[in-house]
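Asks: Starting off with a structure, shown below.
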Amino acid sequence: MNERQIPDDEPGEHIRLDLSAVPHVLLLLDQRVLPRVVATIRCSNAHEAARAIRDMVVRGAPAIGITAAYGFALDVLAGGDRQRAAEVLLASRPTAVNLRWAIERMLPVPTERLLDEAVAIHREDVAINRAIGAHGLRLVERLGLDRGVRLYTHCNAGALATGGYGTAVGVIRAAHEAGRLERVMAGETRPYLQGARLTAWECETSGIPCTLVTDSMAAAAMAEGRVDAVVVGADRVAANGDVANKIGTYGLAVLAKHHGLPFWVAVPESTLDPRCPTGADIPIEERAADEVRGYGELRWAADVDVWNPAFDVTPAALVDAWITESGLWSPS
Ligand code: MRU
């Protein structure tokens, strides 16, 4: 296991500009091969940034938006057409609305300020995540536990999925920093294993006590009283509060309701989509069958049809609180 520490208070090293290269290039930590291999992918235009997003080199809603902003800036600075760069990036993945949010913010910016704007989006995201963490800590404190909280999380809504620090993992980090976290339970997140590969690694490198479980163990963990609350991120929140997040999130919300556990969604406001009336209007990405048939080069499934939606929609009625940089929002 490598010892690389993910900085949690600076724009993460997983997305960075190489300013020594002329023209500048975007360096992305390749999240497809973490945690066993630490490799970097270089992008110098919108096409390369879009490919990195589509191929999951970089993933997680805010990180996708930040990458798109850098890709847009580099493309236009190299003489590319703004509308074309925007189209290429917008077509890379459909569900995370942060992509559209970032491109719409970049489009009117004068060319000479584009890189500064992308850096601003990146830096702001880290500050936003710290604010989300602080608000989430209030929810932890409201539980009134006389011991550390045991939080369950799904997928990776951590430093790697954002500019740094994380949203759901930001709440976990804030609780840990305040001495209020006993342990986080991370679901492995089949089929792409963001929980096992990325969240578990972030916890390991940040010294956060973490127990890894397969997704099918969540119900038993809750029934045995091993979980106090569930906290997840989101790719898009509709105007009615419905939440699109990694496949399996909806099931966790149902389980949390059944066991009387709070279910919290930690999101930057760039993930809120007032133009999307309900969860039914959120486009859900469907991914390759081979992701379910096996992993990497390995195949273990029999040769039958596969359905592989990357996200599901959790109805707002199952959410106890939305945690944004502005504060805490309840169903009322
Ligand atoms: O397919 P992914 O890995 O991009 O999915 C990521 C998630 O579902 C995250 O939970 C979400 O983007 C929130 S990241 C702060």
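Here, each number is a calculation from the coordinates, and none is a lab measurement. Small disclaimer: the values here were computed from a predicted structure and weren't measured. Quick reminder, even Gly has a Cβ in these numbers, built from the backbone with ideal geometry, and neighbours come from all protein chains shown.
Asks: Kirkwood hydrodynamic radius, the chain, all distinct C-alpha pairs: what's the number in Å?
Replies: Its Kirkwood hydrodynamic radius stands at 19.8 Å.
Asks: Does the range 157-274 classify as rounded, prolate or oblate by the C-alpha gyration tensor (a ≥ b ≥ c root eigenvalues; a/c under 1.5 gives rounded; else a/b over b/c gives prolate, otherwise oblate)?
Replies: Note, shape of the range 157-274 comes out rounded.
Asks: Something else now. Can you list which of the trypsin sites (Lys or Arg not before Pro) found in the range 232-278 are DSSP loop residues with at most 14 other C-beta atoms within 10 Å?
Replies: Those that pass, being in a loop and sparsely packed, are ARG275.
Asks: A further question on this structure: For SER216 and VAL119, FRET efficiency with R0 = 35 Å and r from the beta-carbon atoms, rounded to 0.05?
Replies: E(calc), rounded to 0.05, equals 0.25.
Asks: While we're looking at this one, here's another question. Treating only the Cβ of Lys, Arg, Asp and Glu as charged (+1, +1, -1, -1), what charge dipole size does the chain show about its Cα centre? Round to the nearest 20 debye.
Replies: 260 debye
Asks: How do MET185, MET217 rank when sorted from fewest to most other Cβ atoms within 10 Å of their own Cβ? It would help to have the intermediate numbers written out before the result.
Replies: Details: MET185 22, MET217 16.
Taking fewest neighbouring Cβ atoms as first place, the list is MET217, MET185.
Asks: Just to be sure I understand: of the beta bridges DSSP finds with both ends in the range 130-329, what percent are antiparallel, rounded to 5?
Replies: 40 percent
Asks: Given springs between every Cα pair under 10 Å in a Gaussian network model of the chain, which of PRO191, PRO108, PRO315 has the largest fluctuation?
Replies: Among PRO191, PRO108, PRO315, the largest mean-square fluctuation in the Gaussian network model of the chain belongs to PRO108.
Asks: Right, next: Cβ under 13 Å from ARG299's Cβ, ARG299 left aside: what net charge do those residues give with Lys, Arg +1 and Asp, Glu -1?
Replies: Every neighbour counted, the sum reads -3.
Asks: I would also like to ask the following. Cut-off 16 Å, label point 7 angstrom out along Cα-to-Cβ of ASP290: give me the residues of the range 38-69 whose amide nitrogen falls inside.
Replies: 55-57
Asks: Moving on to the next point. Identify the GluC sites (Glu not before Pro) of the range 153-255 meeting these criteria: DSSP loop state and at most 11 other C-beta atoms within 10 Å of the C-beta. Walk me through the intermediate numbers first.
Replies: Details: sites: GLU177, GLU182, GLU188, GLU202, GLU204, GLU224; in loops: GLU188, GLU224.
Answer in residue order: GLU224.
Asks: Please report the relative contact order for the chain, taking Cα pairs under 8 Å with a sequence separation of at least 6, and give it as a percent rounded to a whole number.
Replies: That works out to 16 percent.
Asks: Could you tell me which chymotrypsin sites (Phe, Trp or Tyr not before Pro) in the range 260-332 are loop residues by DSSP with no more than 16 other beta carbons within 10 angstrom of their beta carbon?
Replies: In loop regions of the range 260-332 (DSSP not H, G, I, E or B), the sparsely surrounded chymotrypsin sites (Phe, Trp or Tyr not before Pro) are TRP300, TRP307.
Asks: When the helices in the chain are scored as -39500 (n - 2.57) per DSSP H run of 4 or longer and the sum is shared across all residues, what 222 nm value do you end up with, to the nearest 500 deg cm²/dmol?
Replies: -10000 deg cm²/dmol
Asks: So which DSSP H runs in the chain come out at 20 Å plus along the axis (Cα) with average Kyte-Doolittle of at least 0.5?
Replies: Those that pass (Cα extent of 20 Å or more, hydropathy at least 0.5) are 61-77.
Asks: Please give the Cα centre distance for the range 72-131 versus the range 270-326, rounded to the nearest Å.
Replies: 23 Å
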